[in-house]
1. If I ask for residues that are surrounded by fewer than 18 Cβ atoms within 10 Å (Cβ to Cβ) and within 27 Å of the chain's Cα centre (by Cα), which ones from segment 677-712 would you list?
2. Considering every residue within segment 41-51, establish whether at least one is open to solvent by 40 Å² or more (accessible area, probe 1.4 Å) and in a strand (DSSP E or B).
3. Mind listing whichever residues of segment 391-426 are at pLDDT 95 or above, hydroxyl-bearing (Ser, Thr, Tyr) and over 19 Å from residue 308 (Cβ atoms)?
4. Residues in segment 62-78 that are in contact with a strand residue (DSSP E or B) (Cβ under 6 Å, 6 or more places away or on another chain) and within 14 Å of residue 39 (Cα to Cα): how many?
5. Residue 536 versus (1) basic (Lys, Arg); (2) part of a strand (DSSP E or B); (3) more than 30 Å from residue 660 (Cα to Cα): which is the lone unmet condition?
6. Looking only at segment 424-482, which residues are within 27 Å of residue 218 (Cβ to Cβ) and aromatic (Phe, Trp, Tyr)?
7. May I ask you to verify whether residue 75 is of a type in the set (A, V, I, L, M), loosely packed, with under 14 Cβ neighbours inside 10 Å and without any contact (Cβ under 8 Å) to a residue 24 or more places away in the chain?
Amino acid sequence: MVHSPPLPSPGFLAPLFEAQSLLVIGASDRPGNLAGGIVHNLLDARYPGEITLFGRRPGNLFGHRIRTSFAEVPAGVDLAVLLVPAAEAIGVLDQCGRHGIRFAVVETGGFAELDSAGRDAERELRAVAARHGLRFTGPNGLGIVDPRSRLVLPFMHLPALPRPGRIHLLIQSGGVGVYLLNRFTAENLGVGSFVSLGNKLDLDECDLLDHLRAEQPQAVCIYLEDIRDGRRFFAATRDYPCPILIQKANVSRAGAQAAASHTAAVAVDDRLLDAALRQNGVTRVREMKGLVQRVKAFALPPLGGDRLLIVSRSGGHAVVAADLAERHGFILPPLEADLAAAVRAGQRAKVVGLSNPLDLGDVFDFDVYRQVVERSLAAGELDGVVCIHTYGAGPEEQPSRRLIHELARLVTAHGKPIFTCLLCTDAELATVRQQVDLPIFDSPEEALAAAALSRQTVARQTRDPARLLPLPLPPYADADRVTALVDAGAPGLLPGDRALELVAALGLPVAPARLARNIDEIEALAAEVGFPLVLKLLHPALPHKSDLGGVVLDVTSGAEARQRAAGLWELAASLAPDQPPEGVLLQRLKRGFREVFLGGRRDPSFGPVVLVGLGGVLVEVFQDVAIRLAPLAAADLDELLAEPVSFKALRGARNVPPGDLPWLREAILRVSRLLLDHPRVQEIDINPIKLHRVGRGGTAVDARVVLGPREG
């Protein structure tokens, strides 16, 4: 794993966003100079601090003298911005460090995203920075934007900026960053800060998430092409004080190739990333537009419950919204009698029934809409309102705009969300968004999805903090034997009988078994184990025994056992003639209520993870498996067992009794302990476990364990 240096304190990175003096390096008065774009943006934004320009040749740019020697650079500069050729960046950063500058933004490209020479240059750049205690973003990034301090460092011209706010953006790609800044500006969403991370050679998303914890953020939006230290990222997002939304690209083979030439990204196991994000309540989006759509949910007060009022000018849209509300599990309480009477008084033809959803298509006084929403929120019986308003150009524009302003006022006055959906022309939608401090949704689907996300986030953030603490781990049945088996095993696949022995030493019941190493042992061992039997061919080259005919069920006598075992030895000789089998395992046949898979592995980025789900040969067919990072908290364990679809059967239904889930919870913790205690264990699969009915536990009947190299 790659570990960045720890940050000394939560406010340590403040100079990156609140710099009172800047040194822009790479400036020139020649047309098209990229560093000149940085200066242009700073002046357009009316940056109030001191700007010093540095370049190869003297000159003047936008009224600022270009200096060519660090002897001319004032002391006490807060932040340097580098946009020079990659070959010069190392020496320039060294000069910054010698001058006492402790923070930098390196926008220069041409490093690891380009070739191996660029990777070597990155190592030198990082070494120089470390020598001076200098921290930096980039290289190959677009810099920082902070509308609050009017710090605007991209070299691309930004003609308009989002208004100041408390939504923060951590974006690895410069191009994606510009798109999102433009979308936030168009949607009138307030931005606290924007950081283009680039190659993340020094400061990365984890450092910045740690910094933002103290900023009282409304939400954090992240776009990444790689996560190099999954375990550290998991810790940085754990129990975060605000919602986090992430788009993780580079999940396909083609995406990985593109990212390698873009930000030197390294792909991680996408399913594992999904599990880690879900475990911490981080919202993952798959498309860029979705990031902006969903973050609007957090520009409103949180939705604290299920009770919604749907108000619509269109009966069709009211029906669509009601369907969506039911799909998301919302409750639509009936209208109170006095409110229904007030609406009826405002109707013209009185041809529309009054219910929730409320169709106001027969009401042409938009102030009635305002009264309905205001009285509903004031009554305290609702958690939020979805307001769908459709109108055309002409005389309805101004009254509609006044209504939207009133809805924004009511959100502030009552502290409850109004998910406002406008169905009008694109031009009118853009105008309204710039006039009102209220997120505007452009479809009922988007509005209801935002409501569901807001409610889900509130539910997670109001959980008992004690349920997020790691659970105590049960003791091993035989700790010395666990250690001996792990330490003595050769790297690679542990022999099958030893794997089952390890499972038993953890404290999980294992079906009685004996290993026969030759045909003459079969009948005596069969009698010792007892009938009916299962015979299993154990062969290091043939791990999936059942797929190859290497498992024989329901053997009922010693003679049959000998005959069937001989067939298994012949099978091994035909499939792997150059490698003898370990033997044939004779195991008592166990029947259970359900077959369950339980496993774990050590991921190179995320560390120990546990898996549980549908067992037997179907585990790979349906892949109905849930994943979580160890150690587990009570909330993690609850979610782990709730996620597999097949586990609904384990909770009992009608005349079907429940499976022993309490026993399975403890079994999961035992596997978790093994992975945490013994780093040599790279993989463990216990499959299947015959899970019995509640109160009767479970029995492991097969296991596979892979050990890593010994230390030293």
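The values are calculated or read from the model by the stated rules, or taken from the named source; none is laboratory data. On a predicted model such as this, the values are computed, not experimentally measured, just so you know. Cβ placement follows ideal geometry from the backbone for every residue including glycine, while neighbour counts extend to all protein chains displayed. With ligands, DNA and RNA removed, areas are computed over all heavy atoms of the protein, side chains included. Shrake-Rupley method; radii C 1.70, N 1.55, O 1.52, S 1.80 Å.
1. 677, 679, 683
2. As a first pass, look at segment 41-51 and keep what is open to solvent by 40 Å² or more (accessible area, probe 1.4 Å): 43-44, 46, 48, 50.
If we keep only those that are in a strand (DSSP E or B) too, we end up with 50.
Checked against the condition, which is being open to solvent by 40 Å² or more (accessible area, probe 1.4 Å) and in a strand (DSSP E or B), segment 41-51 yields at least one hit.
3. Within segment 391-426, 400, 412 qualify.
4. 2
5. (3)
6. 441
7. Numbers: of a type in the set (A, V, I, L, M): yes; loosely packed, with under 14 Cβ neighbours inside 10 Å: yes; without any contact (Cβ under 8 Å) to a residue 24 or more places away in the chain: no.
Against the criterion (of a type in the set (A, V, I, L, M), loosely packed, with under 14 Cβ neighbours inside 10 Å and without any contact (Cβ under 8 Å) to a residue 24 or more places away in the chain), residue 75 does not qualify.
Results for (1) buried (at least 20 other Cβ atoms within 10 Å of the Cβ); (2) among the basic types (Lys, Arg); (3) over 24 Å from the mean Cα position of the chain (by Cα), shown as yes or no for each residue.
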residue	(1), (2), (3)
124	no, no, yes
127	no, no, yes
130	no, no, yes
135	yes, yes, yes
144	yes, no, no
152	yes, no, yes
155	yes, no, yes
166	no, yes, no
